[in-house]
Amino acid sequence: MLNCRTVRVVFVLITTLLIIQSSTTRATELKIGQKAPNFELPTIFGDSTYNSKEIFPQSALTVLIFWTSYCPDCWKALKSCHNLAEKVKEMEVHVLGINFDDEKLATVRGFIKGEKIDFVNLSDFQGKVPRSYKADVYDFSTFIVDRKGILKYVSYDHPPDVDKILLKEIQKILGEKKEQKSKELKPDKDRKV
């Protein structure tokens with residue numbers, strides 16, 4: 001039988017390892033301003049392939065949603081992102097889901113069809129793209145990428161009301177872009193012609 005001292009030592013070791021793993025993960029997460037990793041993935045239904053080098057330049061912003069089917073909260077968050085995709089179509093914003101389940105493709109397809117989620121969802125059962133985005137250790141992560149492939153928003157979480165949070169971020173980013181364009185077009189008063 002284990003004595004109390006041995007149990008305490010094991011507990012401290014396990015806790016220390018978890019803390020080290022957590023801090024290492026946080027240190028390697030992607031940050032706003034970094035170049036988004038490129039990818040090429042098939043849709044969940046296998047009817048076409050999407051390449052980020054072609055997708056990013058086509059829209060003012062692209063929202064990437066990494067998700068798994070074994071997280072019940074992720075299903076809810078994905079449904080709310082369906083509402084977001086509808087709202088931002090007119091803003092020249094493209095929403096893409098990236099599922100990285102390794103075995104449950106039939107379940108994922110059934111959910112997408114059943115819930116009528118009609119924004120494009122890609123499949124990466126090998127998890128290469130989520131690893132490149134440092135999203136593979138999370139059930140749900142979101143990124144907003146501009147047309148130059150630069151990360152404008154990064155979240156390694158699935159907060160309640162994720163659709164509202166993303167919409168607010170999209171509006172903020174697009175507002176900053178409009179403001180910047182306005183400044184570029186405004187004539188300089190001090191400049192002599």
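Odds and ends about this structure:
- DSSP beta bridge pairing in region 30-173, given as percent antiparallel to the nearest 5: 60 percent
- Distance between modelled label sites at SER80 and GLU92, nm, 7 Å Cα→Cβ extension: 2.8 nm
- Cβ-Cβ FRET estimate between LYS172 and ASP73, R0 fixed at 25 Å, reported to 0.05: 0.50
- In terms of distances greater than 20 angstrom between alpha carbons, the cross-link table entries LYS35/LYS128; LYS128/LYS168; LYS87/LYS116; LYS134/LYS172 yield LYS128/LYS168; LYS134/LYS172.
- Region 117-130 - phi-based ³J(HN,Hα) in whole Hz, Karplus 6.51/-1.76/1.60, Gly and Pro as x: 7, 9, 7, 5, 10, 9, 10, 9, 5, 7, x, 5, 5, x
- Spin-label pair ILE32/ASP47, simplified geometry with 7 Å Cα→Cβ offset, distance in nm: 3.6 nm
- Per residue, the convex hull volume that the Cα atoms of region 30-173 enclose (Å³): 96 Å³
- Sites listed here are trypsin sites (Lys or Arg not before Pro) in region 81-166 whose DSSP assignment is loop and whose Cβ has at most 14 other Cβ atoms within 10 Å: LYS116, LYS148.
- Once the chain from ILE150 to ASN3 is taken as fully extended at 0.36 nm per residue, the excess over their C-alpha distance is 47.5 nm.
- Gain upon complete extension [LYS128, ASP102; 0.36 nm per residue less C-alpha separation]: 8.2 nm
Every number in this text was worked out from the coordinates using simple rules, so none of it is lab data. None of these values were measured; they are calculated from a predicted model. When we count neighbours, we look across all protein chains shown, and the Cβ atoms used for this are built from the backbone with ideal geometry, even at glycine.
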